[in-house]
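Throughout, read-outs are computed from the coordinates displayed, never taken from laboratory work. From a predicted model like this one, the values you see are computed outputs, not experimental measurements. Positions of Cβ are generated from backbone atoms using ideal geometry, with glycine treated the same way; all protein chains shown enter the neighbour counts.
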Amino acid sequence: LTHNLYFFHELIKLSPKSKDDRNFKRDYRLFRITKNEFSTITEIQKNSIQNEYQSLWQILKDAKEEKVKKIIIPNIMRYILEYYFGFVHRTDSLQNELTKLAKDEKNSDFRAFYRYINRGSHSDSVNITDMGDIDPDKYLKQLKNIFSATGDEKHYAKMMDEIDEEIATA
């Protein structure tokens, strides 16, 4: 059991492989542990291993199915935005669209979402601890709006398994 993804990937790379290299030889198995009110252990295949960025999106997909605690959603969304727009060198574009969306008088849901993801930040000294009434779908819609506003809706759809790989790269 490890939280270090680099070590984990090295361990997997060095593990004995089957002839087709899709699975492990006997005595090797992988499990995904999802923690919520109760922990869930699910066996996964070797090709199901995700990198850190993919894992963040998986947490959002799990949130839709109520498999994870809602309190982690704001930071996960913020991490995704920072990670993606930092990687593609478009943080200015992200900030411009966030500002535009936050100023939209007709979209009070976005302003609430914007406060919500920023409140999850470590820089906010007032933390929300009771997220019982938060609807993840409501905030996922706003996250999707950000990706749409920046012209990256295909990326959002691909990461949330809403479209196939072929369509996302077309």
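In plain terms, the chain from Ile12 to Leu30 could stretch by 5.5 nm, reckoned as 0.36 nm per residue minus the Cα-Cα distance. On full extension, the segment bounded by Ser39 and Ile72 gains 10.3 nm, given 0.36 nm per residue less the C-alpha separation. Highest-first packing order for the peptide set 101-110, 154-163 is 154-163, 101-110, based on the mean count of other beta carbon atoms within 10 Å.
When peptides 60-67, 140-147, 49-56 are ranked by their average number of other Cβ atoms within 10 Å per residue, the highest-first order is 140-147, 60-67, 49-56.
Taking amide H atoms as placed 1.01 Å from N in the peptide plane, the amide H of Lys17 lies under 5 Å from those of Lys25, each 5 or more residues away in sequence or on another chain. Legend: distances between Cα atoms for Lys13/Lys158; Lys35/Lys144; Lys69/Lys100; Lys13/Lys46; Lys61/Lys144; pairs beyond 19 Å are Lys13/Lys158; Lys35/Lys144; Lys69/Lys100.
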